[in-house]
Structure formats: C-alpha cells, structure tokens
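Working notes, structure below.
Derivation of every value follows stated rules applied to the coordinates shown; laboratory data play no part. Just so it is clear, the structure is predicted and the values come from calculations on it, not from any experiment. Glycine gets a Cβ as well: all are built from the backbone with ideal geometry, and neighbour counts include every protein chain shown.
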Amino acid sequence: MAPGLSYELHNLTARLDRAADELLSREQGISYARFLALFAVGQTNGSQRDLARWLGQTEPSTSRMVNVLADEGLLEVTRLEGAGNRRRLRLTRSGALMVERGGRLLESRFQEMVRRSGVPYSSYQRQTRLLLQQLDADRRGDAGSQRTA
C-alpha cells in the first residue's frame, strides 16, 4: 500500500525544513530554527510568550533561543513594566536584515524548485492557502465550514 497524502505532506515538510536549514546555515550563517524565531518576532511584534505560542514551543525553550538571538545582536529584549516576567521582543536592524535576506533566499529557492517540478506556483500557493484556512477554521471550531475548489 502506497503512503497516503498525510505522510507525503509530513515528509515534504520535514525535507523542506532540512533544506532550509542547510541553505540558511551555509549562506546566512543562521539555523532555520533561529531564522523562524526572528521571522515570528517580525510577524507578532509581541512578547516572548507570543513567540513561544507562534513557534509551538515551551516558554523556557523559547527563552533560551531569545537569549542567544539577543546576544548575537539580532533581537532587542525589554521587560514589560508591571507585567511580571514578561518580555517584549523586537528585531534589531541586523535581525530585520537577516529576516529580509533569508526570506528572499528561501522564497527564491522554493519558487525555483516548484517551477522545476512542473507545478504552477500560483496553483500550489492557492491550494496551500486553502488548507491553512481550513486548519484555522477547524481550530476555531468551524469544522463544518468547507470550501470547494
């Protein structure tokens, strides 16, 4: 019996993550995990707790990564007054440049790979967005909502 689509999607995601890690490590000197953390800070512009939630990690694990990124001058970390141990995160100029350059690099390589596969990029993007929207709807409890392609 051939593997199902769920396995193939998991395999694709894992392989894309490994390829992104190799590419970013070689060309930008940063791991994909750290790049994703920086990207997420740029998306959320929030607290360390927001970052942990976005990454799907525990706060202690995220705290360790935040400290490394701050030590490398890629993140600015400030304590929020009156909010206990909450910390606000912002990209430094170097962090923002890393996200910009790394994002362009990853996107261009992905576009090229999709082109070589013979799959129209716009079609792949549309289908991916529909799947992501359905996952969001399912998480909100709108499991009955269904789109037709």
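Hey, what's the Cα Rg ratio for segment 27-79 versus the globular rule of thumb, 2.2 N^0.38 Å?
1.03
Which value, in nm² and rounded to one decimal, describes the direction-averaged projected area of the C-alpha convex hull of the chain?
If you wrap the Cα atoms of the chain in a convex hull and average its projections, you get 11.9 nm².
Starting with the highest mean, order 54-66, 104-116, 2-14, 128-140 by the number of other Cβ atoms within 10 Å, averaged over the residues of each peptide.
54-66, 104-116, 128-140, 2-14
When the chain is treated as a GNM, springs tying every alpha-carbon pair under 10 Å, which of ASN85, ASN45, ASN67 comes out with the largest mean-square fluctuation?
ASN85
Alpha carbons only, please: Rg and Dmax for segment 79-131, in angstrom.
According to the Cα coordinates of segment 79-131, Rg and Dmax are 18.2, 55 Å.
Given Cβ point charges of +1 (Lys, Arg) and -1 (Asp, Glu) and nothing else, what value in debye, to the nearest 20, does the dipole of the chain about its Cα centre take?
That gives the chain a dipole magnitude of about 200 debye.
Measuring from label point to label point, each 7 Å out along Cα→Cβ, what is the TYR121 to GLN28 span in nm?
Those two pseudo-labels are separated by 1.7 nm.
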